[in-house]
1. I'd like the antiparallel share, as a percent to the nearest 5, of DSSP beta bridges with both residues in the range 59-212.
2. What does the net charge come to around Ala409 if you take all other residues with beta carbon closer than 12 Å to its beta carbon, with K and R at +1 and D and E at -1?
3. Rounded if a/c is under 1.5, else prolate if a/b beats b/c, else oblate: with a ≥ b ≥ c from the C-alpha gyration tensor eigenvalues square-rooted, which is the range 2-194?
4. List the aspartates and glutamates whose Cα sits under 18 Å from the Cα of Lys424, skipping any in the same chain fewer than 8 residues away.
5. So which chymotrypsin sites (Phe, Trp or Tyr not before Pro) in the range 291-366 pass both tests, a DSSP loop state and at most 14 other Cβ atoms within 10 Å of the Cβ?
6. How big is the convex hull of the Cα atoms of the range 57-110, per residue, in Å³?
7. Considering every pair of different Cα atoms, what Kirkwood radius, in Å, is found for the range 316-356?
8. When only DSSP loop residues count, what trypsin sites (Lys or Arg not before Pro) in the range 247-301 have their Cβ near at most 11 other Cβ atoms within 10 Å?
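Here, each number is a calculation from the coordinates, and none is a lab measurement. Predicted model, so just to flag it, every value in this text is computed and none were measured. When we count neighbours, we look across all protein chains shown, and the Cβ atoms used for this are built from the backbone with ideal geometry, even at glycine.
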Amino acid sequence: MKVCVYGLWHLGCVTAACLAERGHEVTGLDPDGEVVARLQEGKAPLFEPGLDELLQKNLASGRLRFTHEASRAVQDAAVVWVTFDTPVNDQDEADTDFVHQKIVELLPLLPAGALVLLSSQMPVGSVARLEAQAQADLPGRGLRFACSPENLRLGQAIKVFTEPDRIIAGCRKPADRELLRALFAPITDKVEWMGVESAEMTKHAINSFLALSVCFINEIATLCERYGADAGEVARGLKTEARIGPKAYLSPGGAFAGGTLARDVAFLSHMGQSADLPLQLIRAIRASNDTHRAWALQRLRELWGGQLADKRVAVWGLTYKPGTDTLRRSSSVELCRQLAASGVVVQAFDPAVAELPEELAASIRLCASAEAALEGAQALVLATPWPAFRQIPAATIAGALPGGLVLDADRFLAQQLAGVTALKYVTVGRPVT
């Protein structure tokens, strides 16, 4: 099938490469000529494990090409798959008008009867809004719209796209369903078909439920720290409850970061306000998560009697999660800034970060290795759980931090440091002894 993938950042690059890998004839379209030029060389605009190799393989096969010429890209395309990454500001508010306008600009160039599949993270009603505008501006063209919410995760995007648990798809007509069935067939036959608005709402509901789960277990964890319980054991009790299940998002640890979960919480909050509905639970998610984001800083203040000035702290991991080089909205970067503002010397290492932006270099000393970051430090904060950190011997950490602190919100090094009495190991949901 000929497919045009419109919008080529993380979601779009992965979608285009994976569709081509599954045998579709794919043209990637983006208005940014520099992004397109890099992609034509097989270089993605951001780091995702295996993505450059997949791009290069399918460019060589002829099943994948990239262009910024819209009329060329949509010619003969059976489906135009919209994959712009929706911009988000620091208040978790999405610039949905940006995506809407990009789609509107493309509509006059589409063949009559073309199907537009929206996967960008947009609020409920976005498809209906596009349908109304297409009908007003291009009557008689018969343009159709459908929704399949994105389900990618940075660092695991290719596997998630090619081996999904299922695909959520919302469309209006049986003919649209059959076309989408053919599009998805090389990926999976597990498709949950529903109405367009239901598909849009499902994305909001999934991410908000995951965010709620993270906040719930972290609030339980704060009680465990004060009352002598171990939140890891409590989480095990929850996950072995048949009505909850082993895959529940109930692992005590750091606050959720990045814009993906927070964006859908914000969508639902705004929708409740617009409908004059008091969504107390949804509104509380962000407040709870924001409180928990300060866990590491509060712990250091408590353990050091409030005296942070002139302390030296090693921070392992700066990206917002493993498997990506993205620093924006990283809770680790936020912590580093707070520590520096309190007079702490911050020494950090991240395997995906070779150079810091100018605004961060003033407050963070970027080190050449994890071991170098430990030199002279009184505490280590494990901020981003890169697998490479588990390869560093416990003796190396203990030797560099005699009598020091290790703060590891997600218990990533728990097994590695078990029994190391030379360190005080501090984690979310366990009392400090």
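1. 15
2. +1
3. Cα axes put the range 2-194 in the rounded bin.
4. Output for Lys424: Glu225, Asp230, Glu302, Glu375, Asp408, Asp410.
5. Taking the range 291-366 and a limit of 14 other Cβ atoms within 10 Å, no loop chymotrypsin sites (Phe, Trp or Tyr not before Pro) are found.
6. Spread over its residues, the Cα hull of the range 57-110 gives 111 Å³ apiece.
7. Result for the range 316-356, one decimal place: 10.5 Å.
8. Lys247
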